[in-house]
Amino acid sequence: MGEYLIRRTLQSVVVLFLISVFTFGLIHAAPGGPTQIFLSPGLSVEAGQIKAEQLGLNDPLPQQYFRWLGNILTGDLGATFKNNIPVGDILWPTVKNSVILMSVTWILTLLIAIPWGVYNSTKEYGLSDQTASFISYVGFAMPTFWFGIILQSTISIKLDWLPLSDMYTIGKQGDIPDLLMHMVLPVSVLTLISLAGYQKYMRSSMLEVLQQDYIRTARAKGVKENKVVFRHAWRNALIPLITLIGLDLPMLVGGAALTEKVFNWPGMGSLFVDMAMAREYSVLMAITLLSAVFVVIGNLIADILYAAVDPRVQLGKGGK
């Protein structure tokens, strides 16, 4: 286990290094790179060049990259180009806000999807299964921003049941009941979209497991169907779902940009859109790298969960 974690950690460091190089190079090679943001109508070309020189943007790209990477390793995410605001002061509050929104969505999705998928696998093509299939089709096909706007126009504007947008009502920052009221609509949108995939994965995995020989043997021995499903089948059926959960972990940090923008939720997804429009590349690079870190962490957690769910999986010995 220890050797496996060390090996995966080294692999993760290499992956993050390559991602950082690719991200840095892509952003600086894009049309209208960092130096172009100073050439606004209100700023002369000479003043923009002086500013770029002060920030080191005229240095060779390798020198700029290693200076940026060295700062990152010391916890310095840099500053915005236009206003010289520390990136951390902008980024970390939005990370917290995204984690609040997405973790509630994630937990709610799993609490619904896992038992519903298990139940539907035992009642194939029943009313519940058909309802779940319909919801899945709707969830996969429906744009999140459109669904969010529909909820806003009906529930918030016409019926006036819930707040239209934002994270808190003005003057009620930190009020938990007010926060929960503001979360209902965006969480509903995100849960529907996530539920479409999760319950389908769980149902399909359960149907496959229920066809295995050891399940037939348990049934032949007279084991009750509830024990067959909940003691023998569902844990093995969780393995494909664990992969999906591991890949979705970055969503807790990255947030859902369109949904956050529709509901004016001050999360990291919304920040990414704003910073892309403003060409604040230091913030974009920090967000991209942080998302990559959570992709790596998500995959590592998924591997560990494999071994916890299925004892046949031996970490570091040819298994996951």
Exactly one of these conditions fails for V295: (1) part of a helix (DSSP H, G or I); (2) open to solvent by less than 40 Å² (accessible area, probe 1.4 Å). Give me its number. (2)
What pairs can you find where one residue is in region 200-221 and under 17 Å from N120 (Cα atoms), the other is acidic (D, E) and assigned to a loop (DSSP other than H, G, I, E, B), and their Cβ atoms are less than 9 Å apart, with a gap of 6+ or different chains? R203/E124; L207/E124
May I ask you to list the residues in region 279-288 that are open to solvent by 30 Å² or more (accessible area, probe 1.4 Å) and either more than 18 Å from L57 (Cα to Cα) or hydrophobic (A, V, I, L, M, F, W, C) (or both)? T288
Six or more apart or on different chains, Cβ under 9 Å: which pairs go from a residue in region 132-148 that's under 20 Å from I112 (Cα atoms) to one that's among the aliphatic types (A, V, I, L, M) and not in a helix (DSSP H, G or I)? Could you list them? T144/A256
Region 86-105, residues that are under 12 Å from V187 (Cα atoms) and surrounded by 21 or more Cβ atoms within 10 Å (Cβ to Cβ): S98, L101, M102, T105
Hey, can you tell me all the residues within region 53-82 that are part of a loop (DSSP other than H, G, I, E, B), among the hydrophobic types (A, V, I, L, M, F, W, C) and within 29 Å of the chain's Cα centre (by Cα)? L77, F81
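The values are calculated or read from the model by the stated rules, or taken from the named source; none is laboratory data. What you are looking at is a predicted structure, and each value in this text was computed from that prediction instead of being measured. Counting neighbours? That spans all protein chains shown, and the Cβs are built from the backbone with ideal geometry, glycine included. Side chains are part of the model used for accessible areas, which takes the heavy atoms of the whole protein and leaves out ligands, DNA and RNA. Shrake-Rupley method; radii C 1.70, N 1.55, O 1.52, S 1.80 Å.
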